[in-house]
4 protein chains.
Amino acid sequence: MDLNADVGEGFGKWTCGDDRALLDVVTSANVACGFHAGDPATMRDVCRLAADRGVAIGAHVGYRDLAGFGRRFIDMEPAVLRAEVVYQLGALGGCARGAGASVRYVKPHGALYNAVVNNAAQAAAVVEAIAEYDSSLAVLGLAGSQLLALAQRAELRTVGEAFADRAYAPDGRLISRSAPGSMISNAARVAERCVRIAAEGVVDTVDGSCVPTRAESICVHGDTPNASRLARAIRTALGEANIDLRTFVEQV
Amino acid sequence: MDLNADVGEGFGKWTCGDDRALLDVVTSANVACGFHAGDPATMRDVCRLAADRGVAIGAHVGYRDLAGFGRRFIDMEPAVLRAEVVYQLGALGGCARGAGASVRYVKPHGALYNAVVNNAAQAAAVVEAIAEYDSSLAVLGLAGSQLLALAQRAELRTVGEAFADRAYAPDGRLISRSAPGSMISNAARVAERCVRIAAEGVVDTVDGSCVPTRAESICVHGDTPNASRLARAIRTALGEANIDLRTFVEQV
Amino acid sequence: MDLNADVGEGFGKWTCGDDRALLDVVTSANVACGFHAGDPATMRDVCRLAADRGVAIGAHVGYRDLAGFGRRFIDMEPAVLRAEVVYQLGALGGCARGAGASVRYVKPHGALYNAVVNNAAQAAAVVEAIAEYDSSLAVLGLAGSQLLALAQRAELRTVGEAFADRAYAPDGRLISRSAPGSMISNAARVAERCVRIAAEGVVDTVDGSCVPTRAESICVHGDTPNASRLARAIRTALGEANIDLRTFVEQV
Amino acid sequence: MDLNADVGEGFGKWTCGDDRALLDVVTSANVACGFHAGDPATMRDVCRLAADRGVAIGAHVGYRDLAGFGRRFIDMEPAVLRAEVVYQLGALGGCARGAGASVRYVKPHGALYNAVVNNAAQAAAVVEAIAEYDSSLAVLGLAGSQLLALAQRAELRTVGEAFADRAYAPDGRLISRSAPGSMISNAARVAERCVRIAAEGVVDTVDGSCVPTRAESICVHGDTPNASRLARAIRTALGEANIDLRTFVEQV
């Protein structure tokens, strides 16, 4: 099982989350690429920190929307979106190279992440961008999403993820962030959910049932105050359950 | 001799210059990288147009200043500038790869171009960025600039350029753009100057004298209404003088 | 009848349309406020040009999206949209004051214009912004839109507009810009349509029928190459039909 | 004596400082206007918080530089700077109006603050912007600066300020932020300095001497972790020294 978290989400003077602490725990780092967050100096520093720890670097590509942190759907033309994803992949690739590392996978951020679950045109744009930039990159996204279906058809390596701290509906969908009870903050409960995801391939839902999930990675959110503590609790619980933690890509 | 021009200087709906016409004439294309101009879709299209014509692609890196078109000095910390240059190199590299091409050289734009003539700290930042991103890239700049001196010391390939349509002072410096008579618009005169630069290694100055210049490339400006016509006149004049036009980098 | 057009849609070095020529013809000027286009120096200059000609100044408020020219729907929180509209109103108000003039009305731009036809939450946000900033401002929008309905309920002065150069469906809706035949470029036909709108209160549709329209203003697009020529043809035709052209707001 | 602090310096998701705690202590609030920091929703909220507490609202105008937080000198044309200051004044004016309040003064931020100490062209641009927008606004800046000299000549109300937590050179200049010892963090010492500034009109310098200062306001920095605690210590110390704390502008 892989643990992934968002890092590098500051911009200039503004910081966001404790990247170092998270990078000590996770196995994959989703690095913001400058469109929804992430300035070049931060991107480079984060790539070096990740490389030093053997953490896989992923491009956390998003809509061009610093003011909205990439959390607002933008009804973009697919051709423009494709070009913007290629631009972000290249930009992070440059920063990673500057740090002696390289990008290994792609994960859409925020509203783009949600859009490519169902919006086939935007999902196709992201897949085409990856294929034309570097078809050896893995694609990390929601299991069952259009993104992963189209990526698979394009013969890209796909990786489904589950959310440790987000509530699931009985049909396997995520409960909207704005709904009450959508975020699970109790560390023990989050850790326990992770063990079930990893060991049994199921995730608990809000009505007490559970649904199957084919997750190869678990997403830990980095912008909550206790993010790194939560991540550590998960790591410890998975270790105690003898579940091996490592990134889904081969590191070079 | 090489002819270079700025292309891809639009942004979204806004266009700037006639890229196609210029790319039919020049041998090297300075492509804006999104910081002073250049959106990803335009960057990709321009890279493809350049590749189709065998025109070398250069990264026209600039300050992060869309509102000022990169023409205003920004007193940046060198470490931040270095990271921003790496980011731009990677971003254009991605767009070029998407178009089946690759970046071959770097040329600073606008106020950054002027800054790195004398500002050693910013010049060093640009050189370090290039060295850490890809030390096989050539550096195109003003002959005699700090930029080229430091690039040479870093064992990068350096290329000095002269300006066909800018007036020179007797000491070899460029007359400021805002001074009267600083821009030469007469096509025949511009073409004649180019032939002297290429054949004799000298450029005419405002007082009627001439100064030596070790230019391997001549810059043609792309944002004047008759830019491509001027470029064509230069190309014709150089051809008639039996001066071979080709890019300074080996094309792959 | 009033004629309105978009002006001030450049940004920094990039220009868009011939503002002077348009301002010589129209009676109301929709001035971009910096979010989808419009830099402060341009905004101030345009306000002065409008004031000199007795043309009413309107705030052309849009989504924060320079890269997309405000033409892409952004799924914003209404409270954020409201604040952003207030910000734009104040900013243009400042520029107008600097030019000795004042803002008299508000018209949403691009994707926001389309959104507030049906999206009640975003329409309400725009109306609340206007009411809290200056309830003496008129609201210019599509006749029959949510925007005008909510503005009327808030006791704001509302003004419906028709489009001279856009094709209408038989149900009175605009044909999408991307559909073939959606833009009417023949000047004589556009002028004739305007006379019917003004004199008979009807607009021709694509199937040869016509639908009633309660337009107090006709919108002329400013970003087409022959925009000002078209506007002049309309003005002449309306004059020949003895239709008085003047702004819908009382000028001070 | 007046106490002023910077507030509203977040942007979208990113926050900066504890505005509420500061607004409970200071008498004047320098509100970021969206160019170096400050999104519209934050600006409006901060204006309301300030108005509720009787704190005077000032426009903290800066360079257009979110990535650099306005802390980098930009060599702008004065006419463009003037228009950008007018834009920011209007924008904050709109947000303040939305909160039932109004802007009472102007203080340049960051690198612009430093530039207008000596750069007469940029200082004149700021003064002209204020005069053309609203000549009843006070101008808050460094005592002895070009800004205040030119503002006085333009018959604007000028207010000089001193810094409680910045080290002064024996000639009365501020020691550069990057120099060791330039920031004074000991609360008791900062408070004591303030009392001397207010009661004796002198400020201590790094060599143990003191220089006269004609400050009507003391600036407290808001972006240090203990900013509001420091501000409270100052307020208490001034109260114990029977120094009345109130804004320099008449509140309406």
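Can you tell me the alpha carbon radius of gyration of the range A:1-123 divided by the globular rule-of-thumb value 2.2 N^0.38 Å?
Values: Rg = 13.6 Å, N = 123, 2.2 N^0.38 = 13.7 Å.
Rounded to two decimals, the normalised Rg is 0.99.
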3J(HN,Hα) from dihedral phi, the range B:230-235, Karplus parametrisation 6.51/-1.76/1.60, rounded to Hz, x for glycine, proline: 4, 4, 5, 4, 5, 4
B:Arg48 versus D:Asp171: modelled label distance in nm, points set 7 Å from Cα along the beta carbon direction: 6.0
Amide H neighbours of A:Ala138 under 5 Å, at least 5 residues apart or on other chains, H built in the peptide plane: list them. A:Tyr105, A:Val106
Net charge (Lys, Arg +1; Asp, Glu -1) of residues whose beta-carbon lies under 13 Å from that of C:Ala91, C:Ala91 excluded, is +2
Just the accessible area per residue of the range A:154-252, please: how many Å² with a 1.4 Å probe? 53
List, in order, the whole-Hz ³J(HN,Hα) value for each residue of the range C:194-207 obtained from phi through the Karplus relation with A = 6.51, B = -1.76, C = 1.60 and θ = phi - 60°; use x for Gly and Pro. 4, 4, 5, 4, 6, 8, 10, x, 9, 10, 5, 10, 5, 8
Taking the Cα centre of the range B:162-242 as origin, work out the dipole magnitude from +1 charges on Lys and Arg Cβ and -1 charges on Asp and Glu Cβ, in debye rounded to 20. 200
Applying 1/(1 + (r/R0)^6) with R0 = 25 Å to the Cβ-Cβ distance of A:Asn118 and A:Arg214, what FRET efficiency is obtained, to the nearest 0.05? 0.85
Am I reading the B/A interface right? What is its buried accessible area, both sides, 1.4 Å probe, to the nearest 100 Å²? 2000
Scoring only Lys, Arg, Asp and Glu (+1, +1, -1, -1) among other residues with Cβ under 13 Å from the Cβ of A:Phe35 yields -3
Neighbour cut-off at most 16 other Cβ (10 Å), DSSP loop, trypsin sites (Lys or Arg not before Pro), the range C:131-233: C:Arg157, C:Arg173, C:Arg177, C:Arg214
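Quick check for you: with a 1.4 Å probe and neighbouring chains kept, what is the accessible area per residue of the range A:43-146, in Å²?
Working: 2850 Å² over 104 residues.
About 27 Å² of surface per residue is accessible.
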Return the residues of the range C:80-96 for which accessible area with all protein chains present is lower than in the chain on its own by 10 Å² or more; set the probe to 1.4 Å and exclude ligands, DNA and RNA. C:Val80, C:Arg82, C:Ala83, C:Glu84, C:Val86, C:Tyr87, C:Gly90, C:Ala91, C:Gly94, C:Cys95
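Using a Förster distance of 56 Å, how high is the FRET efficiency between A:Arg229 and D:Val206, based on the Cβ-Cβ distance and rounded to 0.05? Intermediate values should be presented prior to the final figure.
Values: r = 43 Å, r/R0 = 0.76.
The pair A:Arg229/D:Val206 has a calculated efficiency of 0.85.
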Do any residues of the range B:20-58 lose at least 50 Å² of accessible area when the full set of protein chains is present rather than just their chain alone, and if so which, with a 1.4 Å probe? B:Pro40, B:Arg44
Proximal charge balance of A:Leu137 [Cβ under 9 Å; K/R count +1, D/E count -1]: +1
Sorting from shortest, the nanometre distances separating the label point of C:Asp171 (7 Å past Cα along the line to Cβ) from those of the same residue in the other copies are 2.6, 7.3, 7.5
Could you give the nm distance between label points at D:Ser136 and B:Glu77, where each point is 7 Å from its Cα heading toward the beta carbon? 4.3
Hey, which of these cross-link pairs are over 26 Å Cα-Cα: A:Lys107/D:Lys13; C:Lys107/D:Lys107; A:Lys13/D:Lys107; B:Lys13/C:Lys107? C:Lys107/D:Lys107
Taking the Cα centre of chain D as origin, work out the dipole magnitude from +1 charges on Lys and Arg Cβ and -1 charges on Asp and Glu Cβ, in debye rounded to 20. 240
Taking every pair of alpha-carbon atoms in chain A, give the share separated by more than 30 Å as a whole percent. 19
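To two decimal places, what compactness ratio does the protein assembly as shown give when its Cα radius of gyration is scaled by 2.2 N^0.38 Å? List each step's numbers first, then the result.
Numbers: Rg = 29.8 Å, N = 1008, 2.2 N^0.38 = 30.5 Å.
Output field value: 0.98.
Quick check: at a probe of 1.4 Å, how many percent of the accessible area of the protein assembly as shown sits on carbon and sulfur atoms? Could you put the intermediate results ahead of the total?
Values: 17060 of 37420 Å².
Carbon and sulfur: 46 percent of the exposed surface of the protein assembly as shown.
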Whose amide H sits under 5 Å from the amide H of B:Tyr168, counting only residues 5 or more places off or on another chain, with H placed in the peptide plane? B:Ile175, B:Val206
Only four residue types carry charge here, +1 at the Cβ of Lys and Arg and -1 at the Cβ of Asp and Glu. Report the dipole size of the protein assembly as shown about the Cα centre in Debye, rounded to the nearest 20. 0
Interchain or sequence-distant (5+) residues whose placed amide H lies within less than 5 Å of the amide H of C:Val203 are C:Val211, C:Thr213
Tabulate in residue order the Karplus-calculated ³J(HN,Hα) for the range A:6-16, using 6.51 cos²θ - 1.76 cosθ + 1.60 with θ = phi - 60°, rounded to whole Hz; enter x for Gly and Pro. 7, 9, x, 8, x, 7, x, 5, 7, 10, 7
In nm, to one decimal, how far is the modelled label at D:Arg20 from the one at D:Thr236, with both set 7 Å along Cα→Cβ? 2.1
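The values are calculated or read from the model by the stated rules, or taken from the named source; none is laboratory data. Because the structure is predicted, anything quoted here is derived from the model rather than measured. Neighbour counts run over all protein chains shown; Cβ positions are idealised from the backbone, glycine included. Heavy atoms of the whole protein, side chains included, go into the accessibility calculation; ligands, DNA and RNA do not. Shrake-Rupley method; radii C 1.70, N 1.55, O 1.52, S 1.80 Å.
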